[in-house]
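The values are calculated or read from the model by the stated rules, or taken from the named source; none is laboratory data. Worth saying up front: this structure is predicted, and the values here are computed from it rather than measured. No Cβ is skipped: glycine too gets one built from the backbone with ideal geometry, and neighbour counts run over all protein chains shown.
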Amino acid sequence: MLKVFFLLFLLIPLVELYVLIQVGSVIGALPTVLLTIATALAGVVLMRTQGLATMQKAQVAMNAGTPPQMELMEGVFIFLGGVFLFVPGLISDAIGLMFLIPFVRQFLIKQSLKGTAMRGGYQYKNNKGDYYEGEWSEAQPKQPRSLNNQEVIEGEVIDSDKNQPK
């Protein structure tokens, strides 16, 4: 697993650099740099507007009493789009911008949810017909600790001096 990350850590910047050089040789160095800056700025604007819209949709869903799973997934994709835009390069900028386009993002979310639904677990179907999968576990109650067969009572010490007016 570590070898794969190391390989990707080396391979992705090399591919980005190759694409930048190829595009730079066709349109020139300055337009390539300006294109990279323009995509990053467009991404920041899109990320801000899409993030605010997604947050508002999540608030509306919570006010209506429905869980905002789709909005949370959209928030994750918006964050990933921002991360891809932060990485310099035209390929990562294109991926980041795709994550920030609403219909592309929703398509990718639905495709990823289809893949997870096939693996099992519980599923939740909302009123829009979307499926969500997850797992949970119930916490076991803590057993009281004992010291030399005496029960230990856990508590919290509050400094009474801080509560008194001076």
Next on the checklist: Which count do you get for residues in the range 1-16 that are farther than 14 Å from residue 90 by Cα and modelled with pLDDT of 90 or more?
Outcome noted: 0
Checklist entry - Of the residues that make up the range 7-29, is at least one loosely packed, with under 15 Cβ neighbours inside 10 Å and either of a type in the set (D, E, K, R) or in contact with a Phe, Trp or Tyr (Cβ under 9 Å, 6 or more places away or on another chain) (or both)? => result no
Checklist entry - Looking at the range 83-117, which of the residues that are among the charged types (D, E, K, R) and farther than 16 Å from residue 32 by Cβ is surrounded by the most Cβ atoms within 10 Å (Cβ to Cβ)? => result 105
Checklist entry - Restricting the search to the range 42-86, which residues are more than 14 Å from the chain's Cα centre (by Cα), assigned to a helix (DSSP H, G or I) and more than 30 Å from residue 8 (Cα to Cα)? => result 49, 52, 53, 56, 57, 58, 59, 60, 61, 62, 63
Item to check | So residue 19, is it modelled with pLDDT of 90 or more, in a helix (DSSP H, G or I) and touching a helix residue (DSSP H, G or I) at 6+ places or on another chain (Cβ under 8 Å) | outcome: yes
Next on the checklist: Which count do you get for residues in the range 87-104 that are in a helix (DSSP H, G or I) and either without any contact (Cβ under 8 Å) to a residue 40 or more places away in the chain or over 28 Å from residue 10 (Cα atoms) (or both)?
Outcome noted: 6
Checklist outcome for this item: Checked the range 86-99 for anything under 20 Å from residue 22 (Cα atoms) and not small (Gly, Ala, Ser); matches are 87, 88, 90, 91, 93, 95
Next on the checklist: Where the second residue is hydrophobic (A, V, I, L, M, F, W, C) and outside any helix (DSSP H, G or I) and the first is touching a residue at least 24 places away in the same chain (Cβ under 8 Å) and lies in the range 9-28, which pairs have Cβ atoms under 8 Å and are six or more apart or on separate chains?
Outcome noted: 16/87
